[in-house]
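Undergrad: Structure provided below as structure tokens; questions to follow.
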Amino acid sequence: MAAPARGDGYIVTDLGALEEPVSAAFAANYFGQVVGVSTAGGADLHGFFWDAGMTGIAPLANDTQAHALAINDSGQVAAMSYAPGGLVVRGLRWQGGTTTDLGDIAPRGIGVNGEVVGYISFEDAAVGWVDHAAKWQNGVVTDLGTLGGNFSYAHAVDGMQRIVGMSFSPGNKYRRACLWLEDASLMSRASLWSPPSVPIQMDAGMIVGFAETLAGEPHACLFEVDEFGEVVDRTDLARSVGTATRMRSMRPARSSGHRMRRPSCGRAAR
């Protein structure tokens, strides 16, 4: 692995790969543990967990590919597992070498208690294959519904069980930002964000994502919601000159009075 490269106020570290030549990091937790995907021999891609070294996260039985997409501060990892050409993606949760099969949910985010959000795909007799936002918790997958369209996706869940994501409107004409509350009720925040809008990540009531302006330009956005899901502040992070911006994730700094114990995650064999 190459030595860390220093930049202005930060250090860039080469995380390596399970097997050369390619790897990509998708998420990190408060302790600097990183998850992503890497080549793992031949045409296969496997997820990885990095903590001063890279550990492979294998796909589920009968699958050949896995992507690790999210990690919480306990070191629990949400990953997707699939076989090329398959119609349905399966989910898995990994921690310290132990894998839990989540069933037919494609994960996108993981909460502080190990609950996983993402989407499920199924065939509707009237319209064909559709995707619905979904949540896995304690072995049960819950369909979170849509705003009237055929497709919705959950991206993140916070400590209050509020889920942020997006849904298509009736007729699948627009993408709308959505917030699901703890009782699974669905709230549209389309009137607060420029349509169409797609939130990507949420932590401690801070939501990041992107929205299109009336001129059709994607702008990175930051929103803050209170305990009831009401938006109390919003910031258009604009765009760099000539380049559209889309913020993918954010982890705000914790208060100095908040103490946490670093999770211990064993390294499984690749």
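Undergrad: Can you give me the convex hull volume of the Cα atoms of the range 131-171, divided per residue and expressed in Å³?
TA: Once divided by residue count, the hull of the range 131-171 is 58 Å³.
Undergrad: Percent of Cα-Cα pairs more than 20 Å apart in the range 64-162, please.
TA: The answer is 34 percent, as a whole percent.
Undergrad: Can you list residues whose amide H is under 5 Å from CYS221's amide H, if they're 5+ apart or on another chain and H is modeled 1.01 Å from N?
TA: Answer set, sorted by chain and number: GLY209, PHE210, ALA211, LEU237, MET247.
Undergrad: Two decimals is fine: what's Rg over Rh for the range 5-200, C-alpha atoms, Kirkwood radius as Rh?
TA: Working: Rg = 17.4 Å, Rh = 17.5 Å.
Taking Rh as the inverse mean 1/r over Cα pairs, Rg/Rh reads 1.00.
Undergrad: Students often check this: by mean Cβ neighbours within 10 Å, which of 166-174, 137-145 ranks highest, and how do the rest follow?
TA: 166-174, 137-145
Undergrad: Is the shape of the range 31-109 rounded, prolate or oblate, going by the alpha carbon gyration tensor and its root eigenvalues a ≥ b ≥ c, with a/c under 1.5 for rounded and a/b larger than b/c for prolate? Spell out each step's value before the answer.
TA: Values: a/c = 2.10, a/b = 1.35, b/c = 1.56.
It comes out oblate by the Cα gyration axes.
Undergrad: Something else: How do the peptides 76-88, 212-224, 153-165 rank, highest first, by the average count of neighbouring beta carbon atoms within 10 Å per residue?
TA: Result, highest mean Cβ count within 10 Å first: 153-165, 76-88, 212-224.
Undergrad: When the convex hull of the C-alpha atoms of the range 7-55 is computed, what volume per residue in Å³ does it have?
TA: Spread over its residues, the Cα hull of the range 7-55 gives 78 Å³ apiece.
Taken together, the values in this text are just the output of simple stated rules run on the coordinates, not laboratory data. Every value quoted in this text rests on a predicted model; they were computed, and no experiment measured them. Backbone-built Cβ (ideal geometry, glycine too); neighbour counts: all protein chains shown.
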